[in-house]
1. Taking region 20-62 on its own, how many of its residues are within 16 Å of the ligand (Cβ to nearest atom) and part of a helix (DSSP H, G or I)?
2. When you scan region 81-90, how many residues do you find that are more than 7 Å from the ligand (Cβ to nearest atom) and either free of Cβ contacts under 8 Å to residues at least 12 places away in the same chain or surrounded by 12 or more Cβ atoms within 10 Å (Cβ to Cβ) (or both)?
3. Among the residues of region 72-80, is any exposed (fewer than 10 other Cβ atoms within 10 Å of the Cβ) and assigned to a loop (DSSP other than H, G, I, E, B)?
4. Please work out if Phe90 is modelled with pLDDT of 95 or more and in contact with a Pro (Cβ under 8 Å, 6 or more places away or on another chain).
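The values are calculated or read from the model by the stated rules, or taken from the named source; none is laboratory data. Here the structure is a predicted model, which means the values were calculated and not measured. Reconstructed Cβ throughout: ideal geometry from the backbone, glycine too, with neighbour counts over all protein chains shown.
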Amino acid sequence: MLNAIAELAARLIWLLRTLPNAVFAGLAWGLVLLGIWQILAAGRDTVRRSQAMHQIPCAGCQFFTNDHRLKCPVHPQAAMTAEAVNCSDFEQAVF
Ligand code: SF4
């Protein structure tokens with residue numbers, strides 16, 4: 001039993017020593033490139049979400065109350081959400 005474990009360990013060590021460094025270097029570079037790709041994808045999603053949020057017109061609407069209890073008496077469910085992007089009741093606020 002002990003000989004089998006020792007033989008298995010010896011084969012494992014031999015296998016680890018004979019694997020080319022290029023495989024590990026390839027794996028390392030793959031991880032680095034994957035991390036860079038994830039950062040770029042997160043940045044792209046942030047820009048898209050920001051652009052979508054800036055299309056919501058409620059902040060410039062005269063019906064917007066700026067009160068968290070009732071943001072809009074006309075469309076209380078849609079106010080400050082993506083549903084309000086093409087709101088037909090939008091009226092430019094006059095300050
Ligand atoms: S009327 Fe429409 S645009 Fe104006 S605050 Fe209400 S949901 Fe937003």
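1. Going through region 20-62, the residues within 16 Å of the ligand (Cβ to nearest atom) turn out to be 52-62.
Restricting the remaining residues to those that are part of a helix (DSSP H, G or I) gives 52-53, 58-60.
Qualifying residue count for the region: 5.
2. 5
3. Checking region 72-80: at least one residue is exposed (fewer than 10 other Cβ atoms within 10 Å of the Cβ) and assigned to a loop (DSSP other than H, G, I, E, B).
4. yes
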